[in-house]
Amino acid sequence: MTIAIHESALIRHFNTRKEVLRAWEERIGCRFSPFRGFKMPDSRLYIEDSDFLDSIVDLIITNERHVFIRGPVGSGKSTLMLLALRDLPTLADRRGNKFVTGYVGMTGLYEKQMAAAIADSLRVKYKRSWESTQIIDAVAKESLRRYIEEKSRTALFIEDVADNQEAAFHKLRFLADLPTEEMVDTFGKAQTLDEPIVTLVMSGTLMYWNAMLSFLPQIADRTEPLDVPSLNNAKAKEFVGRRIAYAQGRIDTFDPDTYDVYPFSDDSINVINTAARGNPRDIRMLARGCQQVAAENFRKNSDPTVDKKIASLVCQAYATILGEVQ
């Protein structure tokens, strides 16, 4: 006996929708949606604010303060950290020390998980059977050895720091306080150990910053909060242009001085950016909504463009969602 399996109306609906979106993407020469999300940000998609990036790097180089990159969800904090991380290995601090860098991008970590993640990111060996205190002690000793023997200072980047357990904070406090008095006494080189040997570069929302003020005032008092700037209309246009070029396989030849955002119009991007308040994640979300409307129009009249009218309709529809997120 043969059993017939029929497609449900829901499956047919989503398959048709995917086909419509794919047709629009092919029409503008894209291999995939320009506005898809990525688990790890690609620095080529971010619009660099050179002044803001310089302020991050300058704070690390001068070694006077730790850094907290502060901004709402989707504002580009993670990508900014990756950009700063990219530049540091080619630089030296005011004493000529090079940089050893580590990046902890995981959140929700417990004390030992945090210790292990820090050691792994800084390429410090430890035994899996060790307790968190032993692991961090190994990180501290290796950071000191690198500072004295290799003239290398440690810059540790930690994403969304307040998402982790409170106990994990104290591991950061220990590293922020290095070198300890015992280290100075042991090495007998007080003249070379009169400044911190680890700089913390953290990120998070205003709420995370307030949490750090409560749980780690000893670090917060020595930390400079930097607020991520919103994108203006010109930068929002470049943000869209870069994503389209990326989906077309042309990102490596993208020229920020001469590029096209077709099928978007300049007016449509201005409307999107105003509604998104310059937040890259919300620009991407709204642009994807515009893609869906434009794809349906393309199916009906072969016109793939996203004009001001489409952008306005999409932004109005998303207004409630954006209000809840922001």
- Message: Counting just the Cα atoms, what span does the chain cover along each of its three principal axes? Round to the nearest Å and put the largest first.
- Response: 79, 62, 36
- Query: What number, in percent, do you get for the relative contact order of the chain if the mean sequence gap of Cα pairs under 8 Å and at least 6 apart is divided by its residue count?
  - Reply: 23 percent
- Message: Using only the alpha-carbon atoms, what does the stretch 71-225 span along each of its principal axes? Please give whole angstrom values in decreasing order.
- Response: 44, 36, 27
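Over the Cα atoms of the stretch 85-162, compute the convex hull volume and normalise it per residue, giving Å³. Can you show the working numbers first?
Values: hull volume 7.4 nm³, N = 78.
So the per-residue hull volume is 94 Å³.
So what's the projected area for the stretch 63-111, the Cα convex hull averaged over all directions, in nm²? If you can, show how the numbers build up before the last one.
On the way: hull surface 19.1 nm².
About 4.8 nm², averaged over all directions.
Could you grab the Rg to Rh ratio for the stretch 7-161? Cα atoms only, Kirkwood for Rh.
Working: Rg = 21.3 Å, Rh = 18.8 Å.
Rg/Rh: 1.14.
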- Note on the structure: Any trypsin sites (Lys or Arg not before Pro) in the stretch 257-288 that lie in a DSSP loop and have at most 16 other Cβ atoms within 10 Å would be ARG277
- Item | Estimated 222 nm signal from helices in the chain, with DSSP H stretches of n ≥ 4 weighted -39500 (n - 2.57), rounded to 500 | -16500 deg cm²/dmol
- Task: Please determine, in degrees from 0 to 90 and to the nearest 10, the orientation of helix 50-62 with respect to the longest principal axis defined by the Cα atoms of the chain, where the helix direction is its Cα long axis.
- Result: 10 degrees
- Loop-only check: which chymotrypsin sites (Phe, Trp or Tyr not before Pro) in the stretch 83-152 are DSSP coil with at most 14 other Cβ within 10 angstrom? TYR110
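Greater than 18 Å separation of Cα atoms is the criterion. Which listed pairs, LYS112/LYS171; LYS18/LYS235; LYS77/LYS151; LYS77/LYS235, meet it? Working shown, then result.
Values: LYS112/LYS171 9 Å; LYS18/LYS235 30 Å; LYS77/LYS151 29 Å; LYS77/LYS235 16 Å.
Exceeds cut-off: LYS18/LYS235; LYS77/LYS151.
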- Which aspartates and glutamates have a Cα lying under 15 Å from the Cα of LYS141, excluding residues fewer than 8 positions away in the same chain? ASP120, GLU149, GLU150, ASP177, GLU181, GLU182, ASP185
- Query: In cubic angstrom, how much convex hull volume per residue do the alpha carbon atoms of the stretch 231-325 span?
  - Reply: 90 Å³
- Message: As I understand it, the value is the acute angle between the Cα axis of helix 280-301 and the longest principal axis of the Cα atoms of the chain; what does it come to in degrees, rounded to 10?
- Response: 20 degrees
- Determine, from the Cβ-Cβ distance of ARG95 and THR258 and an R0 of 41 Å, the FRET efficiency 1/(1 + (r/R0)^6), rounded to the nearest 0.05. 0.45
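FYI, it's all coordinate maths here, none of it is from the lab. Quick caveat, the model's predicted, so the values are computed rather than measured. So basically every Cβ, Gly included, is an ideal-geometry build from the backbone, and we count neighbours across all protein chains shown.
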